[in-house]
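Data block below; observations after.
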Amino acid sequence: METARKALAQVKKKAETARKKRHSEITAKIIVGTATCGVAAGARLVVDALKQEVAARKIKGVMVAETGCSGRCNLEPLVQVNRHGEAPVLYYQVTPDKARRIVQQHIQNNEPITEWAVS
């Protein structure tokens, strides 16, 4: 029994070390609202476009994640860009085309698109 506990502790420690390393390499996180209202407004297509654009541009350190409801259904799909050391930017009514431009302009060139941001 003690051997199993030690083995489990080693596995947990190794997993935690790997998780910390992955998170330390992330410089930007793009979060898309994929609750029912977001999905109805096209959020799945936006998530796919973001992932494809990040991969096509070979941008390292960017994570595309999903979240639930933000309570702003009339603005869906919502996309929040969090860059290390900067204030988050929340984009509204994002389409796949807008998503690709967000990756190009905001993520790659560090130029937020203010006209699409929730104020």
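A search for C-beta distances below 6 Å between a residue of the stretch 97-119 that is more than 18 Å from Ala65 (Cα to Cα) and free of Cβ contacts under 8 Å to residues at least 24 places away in the same chain and any residue that is loosely packed, with under 15 Cβ neighbours inside 10 Å and among the acidic types (Asp, Glu), counting only pairs 6+ apart in sequence or on different chains, returns Gln105/Glu111.
Residues considered: Arg57, Arg44. Of these, the only one that is in contact with a helix residue (DSSP H, G or I) (Cβ under 9 Å, 6 or more places away or on another chain), without any contact (Cβ under 8 Å) to a residue 40 or more places away in the chain and more than 18 Å from Val118 (Cα to Cα) is Arg44. Residue check: is Arg72 at pLDDT below 95, in contact with a strand residue (DSSP E or B) (Cβ under 9 Å, 6 or more places away or on another chain) and charged (D, E, K, R)? Yes; evaluated as a whole, the condition is true for this residue.
Restricting attention to helices (runs of 4 or more DSSP H) lying wholly within the stretch 13-116, give those where 1 or more residues are in contact with a Lys or Arg (Cβ under 6 Å, 6 or more places away or on another chain).
In the stretch 13-116, 43-56 are the helices (runs of 4 or more DSSP H) which contain 1 or more residues that are in contact with a Lys or Arg (Cβ under 6 Å, 6 or more places away or on another chain).
Please pick out the residue among Cys73, Cys69, Cys37 that is of a type in the set (A, V, I, L, M, F, W, C) and touching an Asp or Glu at 6+ places or on another chain (Cβ under 7 Å). Within the list Cys73, Cys69, Cys37, the selection yields Cys37. Residues being of a type in the set (S, T, N, Q), loosely packed, with under 11 Cβ neighbours inside 10 Å and farther than 18 Å from Gly42 by Cα are represented in the stretch 99-111 by at least one member. Can you work out which of the residues in the stretch 70-91 that are out of contact with any Ser or Thr (no Cβ under 8 Å at 6 or more places or on another chain) and surrounded by fewer than 16 Cβ atoms within 10 Å (Cβ to Cβ) is nearest to Ile26 (Cα to Cα)? Out of the qualifying residues, it is Gly85.
The values are calculated or read from the model by the stated rules, or taken from the named source; none is laboratory data. Here the structure is a predicted model, which means the values were calculated and not measured. Note that we place each Cβ from the backbone using ideal geometry, even for glycine, and neighbour counts take in every protein chain shown.
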